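The values are calculated or read from the model by the stated rules, or taken from the named source; none is laboratory data. Remember, predicted model here, so these are calculated numbers, not experimental data. In this analysis, Cβ positions are derived from the backbone assuming ideal geometry, glycine residues included, and neighbour counts consider all displayed protein chains.
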Amino acid sequence: REKRNVLFIIADDLRASLGCYDDALAKSPNIDQLASRSQVFLNAYAQQAVCAPSRTSMLTSRRPDTTRLYDFNSYWRVHSGNYTTLPQHFKSKGYYTMSVGKVFHPGIASNHTDDYPYSWSIPAYHPSSFRFEKQKMCKGDDGQLHANLLCAVNVTEQPGGTLPDLESTDEAVRLLKSRVGDGAFFLAVGFHKPHIPFRIPQEYLSLYPLDKMTLAPDPDVPELLPPVAYNPWTDVRQREDVQKLNVSFPYGPIPKDFQLRIRQHYYAAVSYMDAQVGRLLSTLDALGLTDSTMVVFTSDHGWSLGEHGEWAKYSNFDVATRVPLIMFVPGVTAAYSRAGGPTFPFIDVFSQPEHSFTNAKVIRNTVELVDVFPTVSYMAGLPAPEHCPDVSLQVELCTEGRNLVHTFQHKERG
Amino acid sequence: KNAELMAFSQYPRPADTPQNNSDLPDLQDIKVMGYSLRNWDYRYTLWLGFNPRSFQVNVSDVHGGELYMLADDPGQDKNIYSDLDHSIVMKKMDALP
């Protein structure tokens, strides 16, 4: 089988609020366009709804009980086992592997190096403007800067006149250009949005007028929910604008007008991130890489937008664990591009807000993020790892997921 | 569809009731682990005692349970765990890897 390049895109805290997942409100034309040439897994789930455990699980294809990482405070190679990662597998097969933005969870969880040099051919890139992310960057009604949850900004007024995901996209485009005609590559791009705070270009709010926003259909804490299952979304509470609401701990609720604004900002953050995906995909076209590059788009977990009275991940609810999972395999999920014709032209959501697509193929059966490693490996032309034995702490390369290759070859039954 | 295909997730908690570190407890503070299995038809979750030093779960130490039948309750708002014949489910779970 021929080797394909891989462009692996991972969003942060993105639930399946996308047009291609039948969310009627979401404006995500570039991801929808990708889905129109891809296989779309409608029921894909993360193994734990928080960043570091989920990313480590997906990238090693081991469940949290095998990585033994349930928080942010240990590095799996020294804490549980020296497990091979997805990019490391590609690197070991001669690929040039690169990381831009948040792919591994930074810090101790990836040895303060994003698992370089095991996983990557060059040190991981992080956007310099991310250091401002949790600082007072949001102009309030009083004209002062605050560390708010809702943080739509004029980008030209931000430090450096940029934002982290804009910088990451610039760097990813630069890396793609550098790899043209230079051997197989695996480029992972981790976007920071729609993670809180919603520090996003302010123009994206106009896509979601407040009078068109609705509350979650089930905004109350379910009566028979065991207290242990509930999470009190403390990170949201810590933002200055939420503190001013004097929301009671642990059950809230947040005032309805503010709930609408949180939902507005989340969706706007999705559209902003979608535009960055569009820039990446149109670059593949421009560089003539589309026919030789597999594209994977997913997220580390979802986020509750007020369902069950929650505003966070940190739970086992489907809104927190279900993720988008889209795989474009040129020549398999879509025909090779016509000579000179673009496959993924950039779609400006402001000038074409009603653009719609039909998914190329959908898989309704349940899949998991631990399935990504074997599936991407196989579909890119590499051997997929064998299934792990019951105890695999000493096994460097194996998977606790399933190779979903058959889903590309056969229709679902039923 | 293949109704037997399952997805598993889990989430740790430091206590039975919400407190400041319930969202993201450090390993040494984890006392309970919620294990979920889900398919087309339902999500079933057991919140079980967990030892963070041995990484062992105590299946007889049940701190809570959830069961949502997705055809009638796609938003997972009506927990019918207490209506369930648990011996049937435990027999099924024993057969899982």
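Quick check: anything in region B:20-40 over 30 Å from residue A:238 (Cα atoms), part of a loop (DSSP other than H, G, I, E, B) and more than 10 Å from chain A (Cβ to nearest Cβ)? Give the steps one after another, and end with the answer.
So the first thing to find is which residues in region B:20-40 are over 30 Å from residue A:238 (Cα atoms), and the list is B:37-40.
If we keep only those that are part of a loop (DSSP other than H, G, I, E, B) too, we end up with B:39-40.
From the residues that got through so far, the ones that are more than 10 Å from chain A (Cβ to nearest Cβ) too are none.
Checked against the condition, which is being over 30 Å from residue A:238 (Cα atoms), part of a loop (DSSP other than H, G, I, E, B) and more than 10 Å from chain A (Cβ to nearest Cβ), region B:20-40 yields no hits at all.
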* To do: Could you tell me whether region A:301-309 includes any residue that is closer than 19 Å to residue A:35 by Cβ and touching a residue at least 12 places away in the same chain (Cβ under 8 Å)?
  => yes
* Can you work out which of the residues in region A:335-370 that are among the acidic types (Asp, Glu) and either modelled with pLDDT under 95 or outside any loop (DSSP other than H, G, I, E, B) (or both) is surrounded by the fewest Cβ atoms within 10 Å (Cβ to Cβ)? => A:354
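So which residues in region A:190-241 are of a type in the set (Gly, Ala, Ser) and in a helix (DSSP H, G or I)? Don't jump to the end; show me each part of the working.
Here is the first cut: in region A:190-241, the ones of a type in the set (Gly, Ala, Ser) are A:190, A:206, A:216, A:229.
Across region A:190-241, the qualifying residues are A:206, A:229.
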* Asked: Could you say whether any residue in region A:279-297 is buried (at least 23 other Cβ atoms within 10 Å of the Cβ), of a type in the set (Lys, Arg) and either touching a Pro at 6+ places or on another chain (Cβ under 9 Å) or in contact (Cβ under 8 Å) with a residue 40 or more places away in the chain (or both)?
  -> no
* Structure fact -> Filter region B:41-59 for residues that are among the polar types (S, T, N, Q) and over 12 Å from the mean Cα position of the chain (by Cα); the one that is farthest from the other protein chains (Cβ to nearest Cβ) is B:58
* Asked: Just wondering, is there one or more residues in region A:88-101 that are among the basic types (Lys, Arg), part of a helix (DSSP H, G or I) and in contact (Cβ under 8 Å) with a residue 24 or more places away in the chain?
  -> yes
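Against the definition (buried (at least 19 other Cβ atoms within 10 Å of the Cβ), of a type in the set (D, E, K, R) and either touching a Cys at 6+ places or on another chain (Cβ under 7 Å) or at the interface with chain B (Cβ under 10 Å from one of its Cβ atoms) (or both)), how does residue A:390 come out, yes or no? Steps first, please.
Details: buried (at least 19 other Cβ atoms within 10 Å of the Cβ): no; of a type in the set (D, E, K, R): yes; either touching a Cys at 6+ places or on another chain (Cβ under 7 Å) or at the interface with chain B (Cβ under 10 Å from one of its Cβ atoms) (or both): yes.
No; evaluated as a whole, the condition is false for this residue.
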* To do: Kindly provide the set of residues from region A:298-314 that are among the aromatic types (Phe, Trp, Tyr) and in contact with a Pro (Cβ under 8 Å, 6 or more places away or on another chain), ordered by number.
  => A:303
* Asked: Given A:115, A:23, A:71, A:32, which one is assigned to a helix (DSSP H, G or I) and of a type in the set (Asp, Glu)?
  -> A:32
